[in-house]
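Computed from the coordinates by the stated procedures, all read-outs in this text should not be read as laboratory data. Since we're looking at a predicted model, the values are computed, not measured. Counting neighbours? That spans all protein chains shown, and the Cβs are built from the backbone with ideal geometry, glycine included.
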Amino acid sequence: MTEPLDDLVSLLDLEVIEQDIFRGSHLDETRQRVFGGQVAAQALVAAGRTVERGTVHSLHSFFLRPGDPQIPILYEVDRIRDGRSFTTRRVVAIQHGKAIFNLQCSFHVEELGLDHEIPIPLVPDPESLPTVEERLKDVRGIWEGFFERPRPIDQRFIGDLPWIHSETAAPDTHQQLWFRADGVLPDDALLHAAVVTYASDMTLYDSILNRHRISWDDGHVMGASLDHCMWFHRRFRADSWLLFDQESPTASGARGLARGLVFSREGDLVASVVQEGLLRIGDRPK
């Protein structure tokens, strides 16, 4: 396991404070706010630590307030229901005495049933694509040095990077990338689900901006994730290549919707993701 991935695994190994109460730390205390994917992943781990049967099949969450990276986050788990097939948990993340995030998730025991899926898109193999670090090594400006520090998720974008647009290119209706944990993870289904939850929030919002060829460094964009929902369909490993096929079907009223499908390299549809984001556009600089 690489050092950045080892740090992420440690980040997801929450401290037990009391029964159904956990505490999470941060990887980067220099950020203005806590990365939403981290909060969602930690909340999922907190819920999973109280479940004895089944694996997570869905989560539905809301970002309520920006997280403060200078202090830990407390996660309080409410054991809503323990059924024979399904187990439901509600988690509230708290800082400064206020809820900053809440999540409801469901766990399902393995059962047999109908099986169908749409096919994986035809895309280049991940090994044929450069890393983000390689593509940004000669870039100047806001992104200079941003990816110089090793990161726990290896990303290989197909087409333009979501933060750097060609002046003449048409808006992108789809955003695609391969991703995986940058190292080997333990055989823990909850950990693999948490890592994919973490990674899924790294790029999904960008598919809204891509429809308008807008970048974060334009100087007039104010955006934030409002919610994050996931459905886990089949078993997968977060340390194997996964294709994330993303699009934004609509934006209006200062909100945009993004959705994505996650495929294993073998072609199985393993997860679906939907997110709504706040998107306020000010006057563009002259």
Q. In the Gaussian network model of the chain, springs joining C-alpha atoms below 10 Å, which of 239, 13, 115 carries the largest mean-square fluctuation?
A. 115
Q | Qualifying GluC sites (Glu not before Pro) in segment 61-131, DSSP loop, other Cβ atoms within 10 Å at most 10 | A | 110, 111
Q: Mind pulling the angle between the C-alpha long axis of helix 36-48 and the longest principal axis of the chain? Nearest 10 degrees, somewhere in 0 to 90.
A: 20 degrees
Q: For a quick protection proxy, order the peptides 37-43, 61-67 by their average other-Cβ count within 10 Å, most packed first.
A: 37-43, 61-67
Q: Kindly express, to the nearest 10 degrees and within the range 0 to 90, the angle between helix 3-12's C-alpha long axis and the longest C-alpha principal axis of the chain.
A: 50 degrees
Q | GluC sites (Glu not before Pro) restricted to segment 233-286 and DSSP loop, no more than 11 other C-beta within 10 Å | A | 266
